[in-house]
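Worksheet: the structure to be examined is printed underneath.
Read-outs: derived from the displayed coordinates by stated rules, not from any lab. These figures come from a predicted structure and were not determined experimentally. Every residue, glycine as well, gets a Cβ built from its backbone with ideal geometry; the counts of neighbours run over all protein chains shown.
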Amino acid sequence: MKEKENKNIEKKKGPGRILIREEYCMGCRLCEVNCLVQHSKTKNIIKAYKTEFPRPKPGVIVEENGYVSFALQCRHCDDAPCLEACLTSAMHRDKDTQAVICDADKCVGCWMCIMVCPYGAIARNTEGKKVASKCDLCKGENVPVCVKNCPNEAIIYEK
Amino acid sequence: MKNKQKKYVIVGNSTAGVAAIEAIRSIDRAGVITVVSDEPYLNYSRPLISYFLAGKVSKDKLSFRGKDFYESNEIRLILDTKAVRIDTEKKELVCSGNKKVPFDKLLLAAGGVPIIPPLNGRDLAGVFTFTKLSDAEAIEKYVRSHSVKKAVVIGGGLIGLKATEALVALHMSVTIVELADRVLSAAFDKTASSIIEHALEKVNCRVSVNNTVEEIEGRAGEVKGVIFKNKEKVPADLVIIAIGVRPSISLAQGTRIKINKGFLVDDHMRTSVRDIYAAGDCCEAWDALLGINRTLAIWPLAVKQGLAAGYAMVGSDKKYAGGFAMNSVELCGIPTVSVGVTNPEGTGYEVLESYDKEKPLYRKIILQNNRIMGAIFVGDIDRAGIYTGLIRDTVDTASFKEHLLKDDFGLIRFPKEYRKYLIDKETVAI
Amino acid sequence: MAKRPVPTEFIVERDAEKCISCQACVRMCANDVHTFDPDTKTVASEHGKCVGCHFCETICPTGALVIRRSPSEFKANANWTAEVIKNITKQAATGGVLLTGMGCDKPYPIYWDHILLNASQVTNPSIDPLREPMELRTYIGRKPDKLEFSGTGRNLKVKTPLRPQLKLEVPILFSAMSYGSISLNACRSLAKASAESGTFYNTGEGGLHKDLYKYGGNTIVQVASGRFGVHKEYLEAAAAIEIKIGQGAKPGIGGHLPGEKVSEEISLTRMIPAGSDALSPAPHHDIYSIEDLKQLIYALKEAVRYKKPVGVKIAAVHNVAPIASGIVRAGADYVAIDGLRGGTGATPTVIRDNVGIPIELAIAVVDSRLRQEGIRNQASLIAAGGFRSSADVIKAIALGADAVYIGTAALVSMGCNLCQRCYSGKCNWGIATQDPYLTKRLNPEIGARRLENLLHAWSVEIKEMLGGMGINALESLRGNREQLRGVGLSDTDLRLLGIKAAGEAW
């Protein structure tokens, strides 16, 4: 029991955060391109676009209105409503990164998460098996690829 | 070092109970938690039983917390045991077989029980309700051992339609009988309902509205058909009764716990009796949109209520902020979301609508004083949560109202300050 | 043929194998070169609209794009070149003056490429800048004729009153580029980089935007013929004041910021109505002589209570040496000279390419003239106009400049590829534009970082070269023309530059 108490005391480290700086977003949408490639099977940009099926959906959404634009990803909320709404716990918090991620295997495509996400940051991917698709902060990468490849540092990563 | 270990007892093993366990264990690792459930299973996701029946999800995938959940949280499980009575004085829960479970803190989270009308023939073999895994398993077993081609589903609500969808997947032709003038009358408006009715017809289902079943007919103890109110006889090899659920409250009858339809609770999910809490479908908690206490039998709120109850049981001050009605359901391949007030009554409401009958795509937004009160999405539900967020935060939409129905509606239309607040703040609650 | 289009300058080569139709190029090109066809799901390019800025090529995630000069060729003709034909075609169509941006691109001799530096061998040791201190600090301002001291030993103090100076950690400043000709984000980049690198940027005739007052200590403010944005706070906020008489890219003519670029913010900064043309007259109408100039210099010095240096910027023209002498005698603390290859946001091509003299000759003759007259110490000399590298900078200093202004090099470090369409307002790099859709593309944090990197890189190189010459302070190289030798230059060039031919010993 004691051991467990100690574990609990170790404060969970929060996930890194992607900060959005709309004043510098050019609207080039390379974040979407890079996200898609990163989550593709081959991770090869040309194959990912030209030969792969089903293609992943980008976990980043670029919103545009006139000259204002910004790239929006899942905020990995501390109190994530999608975690509570998920019927299967496919939506879960990654133990290592603390990112909110969707386990495609468990996801049944009920879209409860889409209903509750105030950012509209979860997409339906219906190309193959129906699954909720969203930002996973590029697990395994030091910096998410959307941030790494943003030509104008309009999104930056804070660990 | 420690005070005496607290005894937490939870009635119900679904999402509210599980959420309460997680809340309790995030603070108190030492207390003894006992879960009493009248079902023989570990946790499973009730909304998924239609997926299970349709063969889309296997039984082992129904669980929403892993098998080690109970072990790692050190839970005493008392399964297949009905909680019968509460002795509020002795602080004991009396279960079937006169088994007594003492508690310091008790959570009532047994959910709802299906309403079964007093119909002749309701006890025939082949007549089922559809709220629990045992129902789905029984149906599956019955279907395997009988030649089932025609089914009647009594009730065109959410449960009825999800059951219908599963039966269609099992190659049955289904007749849905609905008392109201349309299916999904609680969450949908006429247009949205008509889209679903149309889609149901396409998959060989018949929808009979303004109608009800008067009698279930059988032969040799097995269901053979139903007789409608209008005396029409419809053959049926299987009948599902899905006219609704009511809160599971029977164990508290005769105690001082205040009950309306469900247990009345405050913002800490406390019932009127000290140390007894309620959460989920069995309670009447705060509806933030309507400003009243009422039952809202939906998954995300059961989680929130379970968490709030759990925190309250360990003495933490985290409150239940209230919730409002919402549902996401895909029917006949058409995704739908309905949130908040969808059939406004009275004046003062403004309705924005767009409808493309061909696709079909339907969007409806209900406003009051420029604040969104409810929304329906049929066909395209992408980013529907943004509207849920606007309802939650009671945002004045005057400055961007004209964009609400547009395909590309998003955070970019929000006033910059609200957008920054939404994007940069740490926590979000719905 | 009564009408014909201007011949295409560039072609956009798109590798169909590599193009994934992500449409980044479509979204990013302000000249609408690329279009997406939703039917074929492919992207096509209209070559004729391409200005050769290479933004699409840079942004393309698969490297599917290459911009080439149009291979379409006219019959070879040394006199009637493709450019001449193109220009005449354009003018025949419009009847207008040909406009261009940036500096002269004609193949006049670039003397920097004919001047070589010295290095130490055996008889004088070279210095390793990684091991020994190396001083690049430069002071811009009038130096006293002689120094008097009081006290002795530890109490030794300079008695001579010193005039205000600009202290530079690197002998490089950013040239005058107005808010209006370049975006506010470009100004922010320059200002921030100046502050970080210990040098100065120059407002040009664009006034000082309210967001930039915090960089006042690194700002040189200009007073030019239009007097745009000049007021008390403007002068007081600055580290130095510069009277702009002329500019290398357009000696003798004024400036013109078209009304469509005068946004609300620019209008506030320049103190002119939004949407109105900002016309800078060719001359200052209160300066028709050195005496008039002196009046303005002293009026400005009075205004800032003699606490800030006041300099004068002129274009390098034939009479540059005597004019510079007059400017020094009029009381200027520094003279900035902008050579033939100095840049601009907009100028008639014919002026840019045919008026003025190369900066190399201007530095040499001005430095020599001021020395001959014994007034070299009375003012610093800042050279400008086409400095491309640390080698150009160090050669300019050895020729006699105190420091140099860089403009084009600074813009290139922020992304510019010298398409020379600054006047169009459609700068894809977010530099020479006021279109909010385009200005966002220059993140000033990145801009400043790249400028700082450039200054750092050049300083390190200058130190290396100095060390090689056995010199440990830039001050010791100033006007030290013995360190330079000419190669492939005429006797007249060598005489004017005041340097020996390569091969000649000391």
Report task. Name the aspartates and glutamates eligible as straight-distance cross-link partners of A:K134: C-alpha to C-alpha under 15 Å, and not fewer than 8 places from it in the same chain. Result -> A:E32, A:D94, A:D103, A:D105, B:D382
Requested in this report: Could I have the simple spin-label model distance between C:N319 and B:N98, label points 7 Å from Cα toward Cβ, reported in nm to one decimal?
Outcome: 12.4
**Report entry** Helix C:444-468 vs. chain C, principal-axis angle (Cα, 0 to 90°, nearest 10)
**Finding:** 50
Query raised in the report: Mind listing P(r) for chain B? All alpha-carbon pairs, 10 Å bins, whole percents.
Result: 4, 20, 27, 26, 17, 5, 0, 0
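Rg/Rh for region C:107-202 to two decimals, with Rh computed the Kirkwood way over all alpha-carbon pairs. Don't skip to the end; give the middle numbers.
Details: Rg = 20.0 Å, Rh = 18.2 Å.
Rounded to two decimals, Rg over Rh is 1.10.
Give me the Kirkwood hydrodynamic radius of region B:329-387 in Å, from all C-alpha pairs, to one decimal place? Intermediate values should be presented prior to the final figure.
Numbers: mean 1/r = 0.0842 Å⁻¹.
This gives a value of 11.9 Å.
Based on the alpha carbons, how large is the Rg to Rh ratio for region B:212-321 when Rh follows Kirkwood? Numbers along the way, then the final one.
Details: Rg = 19.8 Å, Rh = 16.4 Å.
Here the Rg-to-Rh quotient is 1.21.
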Requested in this report: Measure out, as a whole number of angstrom, how far apart the alpha-carbon centroids of region C:6-44 and region B:71-137 sit.
Outcome: 66
Query raised in the report: Out of every Cα-Cα pair in region A:102-159, what percent are more than 19 Å apart?
Result: 44
Report task. Report the dimensions of region C:68-116 along its three principal axes from the alpha-carbon atoms, largest first, rounded to Å. Result -> 46, 26, 24
Query raised in the report: What's the extension gain from C:K214 to C:S120 if we count 0.36 nm per residue and subtract their Cα-Cα distance?
Result: 29.4 nm
**Report entry** Residue-averaged beta-carbon neighbours from other chains (10 angstrom radius) around A:43-54
**Finding:** 2
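Starting from the alpha-carbon convex hull of region C:251-351, give the projected area averaged over all orientations, in nm².
For region C:251-351, averaging the hull's shadow over all directions gives 7.7 nm².
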Requested in this report: Using just the alpha carbons, could you tell me how many Å³ per residue the convex hull of region B:24-69 encloses?
Outcome: 98
Query raised in the report: Magnitude of the Cβ-charge dipole of chain C, K/R +1 and D/E -1, about the Cα centre, nearest 20 debye?
Result: 780
**Report entry** Under-5 Å amide H pairs with C:A379, H placed in peptide plane, nonlocal only
**Finding:** C:K143
Query - Paramagnetic reach from C:E132 (point 7 Å along Cα→Cβ, amide N under 14 Å) across region C:464-489 - result: C:464-474, C:476
Query raised in the report: So how long is each side of the protein assembly as shown along the principal axes, counting just the alpha-carbon atoms, biggest first, in Å?
Result: 126, 85, 60
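Grab the DSSP H runs of the protein assembly as shown that are 4 residues or longer, score each as -39,500 (n - 2.57), total them, divide by all residues and round the 222 nm result to the nearest 500 deg cm²/dmol. Please list the in-between numbers first.
Numbers: 30 runs with 274 residues, N = 1095.
Helix-only estimate at 222 nm: -7000 deg cm²/dmol.
Starting from the Kirkwood radius over alpha-carbon pairs of region C:405-472, derive D by Stokes-Einstein at 10 °C in a medium of 1.306 mPa s and give it in µm² s⁻¹. Could the numbers behind the result be given before it?
Working: Rh = 13.5 Å.
Rounded, D is 117 µm²/s.
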Query - Kirkwood Rh and Cα Rg combined as Rg over Rh, evaluated for chain C - result: 0.99
Report summary line: The orientation-averaged projected area of the Cα convex hull of region A:29-159, in nm², is 8.4
**Report entry** Spacing of the two label points (7 Å from each Cα toward its C-beta) at C:M271 and B:T347, in nm
**Finding:** 5.9
Query raised in the report: Label point 7 Å out from B:I115 along Cα-to-Cβ: which residues of region B:171-187 have amide N under 17 Å?
Result: B:177-187
Report summary line: Longest principal axis of chain C (C-alpha) makes with the long axis of helix C:390-399 (C-alpha) an angle, in degrees to the nearest 10, of 40
Requested in this report: Averaging over all projection directions, find the projected area of the Cα convex hull of region C:1-156 and quote it in nm² with one decimal place.
Outcome: 22.6
Report summary line: At R0 = 56 Å the Cβ-Cβ FRET efficiency linking C:S289 and C:F149, nearest 0.05, sits at 0.90
**Report entry** Segments B:164-177, A:135-148 sorted - mean Cβ within 10 Å per residue, highest first
**Finding:** B:164-177, A:135-148
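How big is the charge dipole of the protein assembly as shown about its Cα centre, in debye rounded to the nearest 20, if each Lys and Arg gets +1 on its Cβ and each Asp and Glu gets -1 on its Cβ? Please report the intermediate quantities before stating the final value.
Working: 145 positive and 124 negative charges, 316 e Å.
Taking the Cα centre of the protein assembly as shown as origin, the dipole is about 1520 debye.
Could you give me D for region B:58-211, from Stokes-Einstein at 4 °C and 1.567 mPa s, where the hydrodynamic radius is the Kirkwood radius over C-alpha pairs? Units µm² s⁻¹, please. Present the calculation step by step, with values, prior to reporting the outcome.
Numbers: Rh = 18.8 Å.
My calculation gives 69 µm²/s for D.
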Report task. Measure up B:K149/B:K359; B:K105/B:K258; C:K3/C:K426; C:K261/C:K440 against 21 Å on the Cα-Cα distance and list the ones that go over. Result -> B:K149/B:K359; C:K3/C:K426
Report summary line: So for R0 = 41 Å, FRET eff. of C:N480-C:L99 from the Cβ-Cβ r, to 0.05, ends up at 0.50
Requested in this report: Extending each Cα 7 Å along its Cβ direction at A:N44 and A:E141, get the distance between those two points in nm, one decimal.
Outcome: 1.9
Requested in this report: Once you have the Cα-Cα distance between B:K149 and B:N260, take 0.36 nm times their residue separation minus that, and quote the gain in nm to one decimal.
Outcome: 35.8 nm
